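Please treat every number below as a calculation from the coordinates, not as lab data. The structure displayed is predicted, hence computed values, not measured ones. Cβ coordinates were reconstructed from backbone atoms using ideal geometry, including for glycine residues, and neighbour counts include every protein chain displayed.
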Amino acid sequence: MTNWLGPDEWSAVALSLQVSFWATLVSLPLGVFVAYALARWNFPGKQLLNGLVHLPLILPPVVTGYLLLLTMGTKGPIGGLLAEAGIVFAFRWTGAALAAGVMAFPLMVRAIRLSIEAVDPRLEQAGATLGASPLWVFLTVTLPMTLPGILVGAILAFAKAMGEFGATITFVSNIPGQTRTIPSAIYAFLQVPGGEDSALKLVIVSIVIAMSALLLSEIVSRRVAARLEGR
Amino acid sequence: MMLEITLRHAFPGFTLNAAIKAPPGVTVLFGRSGAGKTTIVNAVAGLLIPDEGRIASGDWVLLDTGRGIRLRPYQRRLGYIFQEGRLFPHMTVRQNLGYGAWFAPKNAPREKMDHVVDMLGIGPLLDRRPAALSGGEKQRVAIGRALLSAPRLILADEPLAALDEERKAEILPYFERLRDEVSIPILYVSHSATEVARLATTVAVLESGQVVRQGQATEVLGDPAVLPMGAREAGAILTARVVAHHSDGLTELDAKNVPLFLPHIDRKPGEMVRVRIAAHDVMLSRNRPDGLSALNILPGVAQEIHLGEGPGAIIAIETQAGRLLARITRRSVQALELVPGAQVHAIIKTVSVAPSAIGGGGHEER
């Protein structure tokens with residue numbers, strides 16, 4: 001595999017996996033929390049939160065990337081504060097992960113929210129009458145029953161992160177080994193003469209990773225569903 | 001322990017205004033659907049906060065809107081048996097049973113898992129998941145789950161309503177055992193006269209949000225003026241001791257020294273049973289009938305005569321065996337010249353008493 005892929009291509013694949021993995025992992029708890037809030041709570045500003053979460057889905061990715069640059073760049077209001085604490089996003093792989101996480105967030109929240117809404121609230125009531133506090137009801141009833149949805153959400157987010165291009169290139173540019181993920185690398189290879197070969201290899205890698213992720217999610221959610229049905 | 005419930009809650013077009021005292025044993029909230037029974041149970045469980053109310057037993061206060069006390073459902077330590085079971089589908093039967101115990105205070109008096117599993121006959125089901133259980137099995141597990149959460153009170157909201165007749169007959173004895181073997185008070189919602197007759201220690205009859213009658217089961221069911229489910233469902237309860245099983249398939253009972261003959265009852269001689277005698281199965285005669293096929297002829301005195309709106313009437317008869325209700329026509333009331341105080345003979349056909357009308361346990365009349 002390392003022979004088939006040159007060092008430049010290999011670095012793009014490894015970086016993409018790293019970026020997508022961390023983007024998914026870090027946004028998952030927040031995604032579950034936001035999905036739960038949208039599914040189960042009524043609070044002022046609920047529609048605003050819902051809109052905000054979905055914004056990256058409808059805005060041009062370049063706009064999202066530019067907004068990230070404005071706020072999270074070293075001179076931005078939030079990025080500046082974080083930079084003082086030693087956390088830098090701009091032109092680092094962490095920035096690519098942030099951009100990918102933001103872009104994938106709506107897909108993740110939608111999938112998880114749907115599966116939380118599918119949990120019968122009467123089961124949660126039953127848990128409460130048996131002495132479980134709301135947090136315990138969430139951990140022992142809602143969360144396990146939502147697991148297939150959370151998995152699907154995570155895999156969707158991972159696949160979206162793998163493919164993220166517009167926001168990433170706007171926010172953290174296209175630096176080999178730092179922020180050049182698979183899509184950026186394909187784009188870069190296509191800009192130089194003789195790069196089609198490398199681009200094609202990365203295209204194949206993309207397809208393989210995406211298909212494996214979908215298959216995996218299918219197998220896992222079937223197993224969980226079978227368990228719930230008592231088979 | 002005496003649980004005292006007072007509630008007032010306004011729904012659109014309907015106001016619940018109820019005061020109920022639940023002594024130890026089974027207190028049945030009895031009435032038509034929509035009478036407010038489930039609202040009361042949900043308020044006790046904390047799933048509904050009423051406009052005003054107090055729910056307490058001694059210094060154990062679950063709710064007191066006047067003093068601003070509102071325990072959350074998980075702080076109330078109740079075992080709630082729902083109509084639809086509500087077992088957790090992602091857990092095995094064993095995990096479902098153990099769920100409540102995990103949250104109960106460590107020093108709370110609790111039932112032993114083995115004992116409850118034995119009592120409910122769910123040993124072979126422990127490693128299955130709810131989806132692989134029948135309706136009756138699910139409900140038995142739901143009873144066990146509530147019982148094992150070390151509750152101070154058990155709530156049951158029409159736990160048999162979703163089951164067919166056979167399954168009902170299968171589960172009812174478990175509630176009788178619960179009443180007789182476990183000292184936790186039970187608040188039980190039902191619209192079935194059979195369930196009331198077999199289970200109730202105390203009955204509170206509800207009609208459109210009001211408690212119209214409350215008292216001991218035999219007393220309330222023997223009152224011809226209290227017919228929450230209509231005259232068709234009227235029937236009184238007799239308590240009796242099993243005397244002997246005869247070779248012709250009959251069981252002889254002794255109800256306060258009056259012999260009763262019923263179809264075979266699966267109880268040992270000496271055990272107490274409660275028998276519900278439906279009012280439409282009782283005939284009346286002024287003279288002691290002669291040459292009649294019915295085996296049970298009980299002399300008594302007519303008490304209240306309750307004329308309904310239709311052609312029927314319900315007569316309460318005080319016999320030595322206990323109070324009976326008879327449903328006859330108004331025409332017969334006139335023909336027999338029935339007035340309170342009239343001497344009559346109540347006639348009960350042996351075969352008309354259904355096995356589902358006979359329950360175990362109960363207590364000798366006090």
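Only Lys, Arg, Asp and Glu carry charge here, each on its Cβ (+1 for the first two, -1 for the last two); on that basis region B:3-221 has a dipole of about 680 debye about its Cα centre. Put a dot 7 Å past the Cα of residue A:120, heading toward its Cβ, do the same for residue B:180, and the two dots end up 3.2 nm apart.
Note on B:61-74: average number of Cβ atoms from other chains within 10 Å of each residue's Cβ is 2. A Förster distance of 60 Å, applied to the separation of the beta-carbon atoms of residue A:59 and residue B:336, puts the FRET efficiency at 0.10. Mean partner shielding of peptide A:118-127, defined as the number of other chain Cβ atoms within 10 Å of each residue Cβ, is 5. Take the alpha carbon gyration tensor of region B:166-227, find the square roots of its eigenvalues, order them as a ≥ b ≥ c, and report rounded if a/c is under 1.5; if not, report prolate when a/b exceeds b/c, else oblate. Prolate shape, in that a/c is at least 1.5 and a/b is the bigger ratio. Over chain B, with a single point scatterer placed on each C-alpha, what log10 of the ratio I(q)/I(0) does the Debye formula yield at q = 0.12 1/Å? Calculated log10 I(q)/I(0) at the listed q: -0.93. In the calculated pair-distance distribution of region A:22-83, the portion above 16 angstrom amounts to 62 percent of the Cα-Cα pairs. A Gaussian network model of chain A, with springs between Cα atoms under 10 Å, assigns the largest mean-square fluctuation among A:142, A:168, A:129 to A:129.
Relative to the longest principal axis of the Cα atoms of chain A, helix A:61-72 runs at roughly 80 degrees.
Can you give the translational diffusion coefficient of chain A in µm²/s, computed by Stokes-Einstein from the Kirkwood radius over Cα pairs at 10 °C and 1.306 mPa s? In µm²/s, the coefficient rounds to 83. Close Lys pairs in chain B (alpha-carbon distance under 22 Å; sequence gap of 8 or more, or different chains): 6. Applied to region B:335-344, the Karplus parametrisation 6.51 cos²θ - 1.76 cosθ + 1.60 on θ = phi - 60° returns per-residue 3J(HN,Hα) values of 4, 8, 6, 7, 9, x, x, 6, 7, 9 Hz, with x for Gly and Pro.
Report the paramagnetic label zone for residue B:33: residues of region B:191-220 whose backbone N is under 19 Å from a point 7 Å from Cα along the Cα-to-Cβ axis. It comes to B:191-196, B:206-210, nothing else. Label-to-label distance, residue A:21 versus residue B:71, with points set 7 angstrom from Cα along the beta-carbon direction: 5.0 nm.
Under the convention that each Lys and Arg Cβ holds +1 and each Asp and Glu Cβ holds -1, the size of the dipole of chain B around its Cα centre is about 880 debye. Across B:209, B:291, B:66, mean-square fluctuation computed from a Gaussian network of chain B (C-alpha pairs under 10 Å connected) peaks at B:291. Take the Cβ atoms of residue B:343 and residue B:107, set R0 to 51 Å, and the FRET efficiency comes out at 0.25. What separates the Cα centres of region A:43-113 and region B:131-159 is a distance of 48 Å. For region A:7-228, the Cβ-based charge dipole about the Cα centre amounts to some 480 debye (Lys, Arg positive; Asp, Glu negative; other atoms uncharged). Taking residue A:75 as the anchor, which lysines have their alpha carbon closer than 29 Å to its alpha carbon, excluding any fewer than eight residues away along the same chain? Excluding near neighbours in sequence, the set is A:160.
Using a Förster distance of 41 angstrom, determine the FRET efficiency expected from the C-beta separation of residue B:59 and residue A:52, and round it to 0.05. Mind showing how you got there, number by number?
Values: r = 49 Å, r/R0 = 1.20.
Between residue B:59 and residue A:52 the formula returns 0.25.
Once the dipole of region A:131-231 is set up with Lys and Arg at +1 and Asp and Glu at -1 on Cβ about the Cα centre, which of A:179, A:131, A:154 lies farthest towards its positive end? So the residue we want is A:131. Between residue A:84 and residue A:212, the distance separating the two model label sites (each 7 Å from Cα on the Cα→Cβ line) works out to 4.4 nm. Selection among B:78, B:194, B:34 by position relative to the dipole of the protein assembly as shown gives B:78 as farthest towards the positive end (Cβ unit charges, Cα centre). Within the listed set A:107, A:123, A:190, the residue fluctuating most in the Gaussian network model of chain A (springs between alpha-carbon atoms under 10 angstrom) is A:123. Kirkwood hydrodynamic radius of region B:3-221, from the reciprocal of the average inverse Cα-Cα distance over all distinct pairs: 17.6 Å.
Annotation: for a label point projected 7 angstrom from Cα along Cα→Cβ of residue B:241, residues of region B:302-329 with backbone N closer than 15 Å are B:321. Two numbers describe the Cα atoms of the protein assembly as shown: Rg and Dmax, which are 34.5, 118 Å.
When you look at the Cβ of every residue in A:137-149, what mean number of other chain Cβ atoms sits within 10 Å?
Details: counts 2, 0, 0, 7, 5, 0, 1, 4, 3, 0, 1, 0, 0.
That works out to 2 on average.
Which shape class applies to region A:80-180: rounded if a/c is under 1.5, otherwise prolate when a/b exceeds b/c and oblate if not, where a ≥ b ≥ c are the square roots of the Cα gyration tensor eigenvalues? It comes out prolate by the Cα gyration axes. Measure out, as a whole number of angstrom, how far apart the alpha-carbon centroids of region B:285-328 and region B:199-258 sit. Centre-to-centre (Cα) distance: 15 Å.
Which shape class, rounded, prolate or oblate, goes with region B:199-319 when its Cα gyration tensor gives a ≥ b ≥ c as root eigenvalues, a/c under 1.5 marks rounded, and past that a/b bigger than b/c marks prolate? Oblate shape, in that a/c is at least 1.5 and b/c is the bigger or equal ratio.
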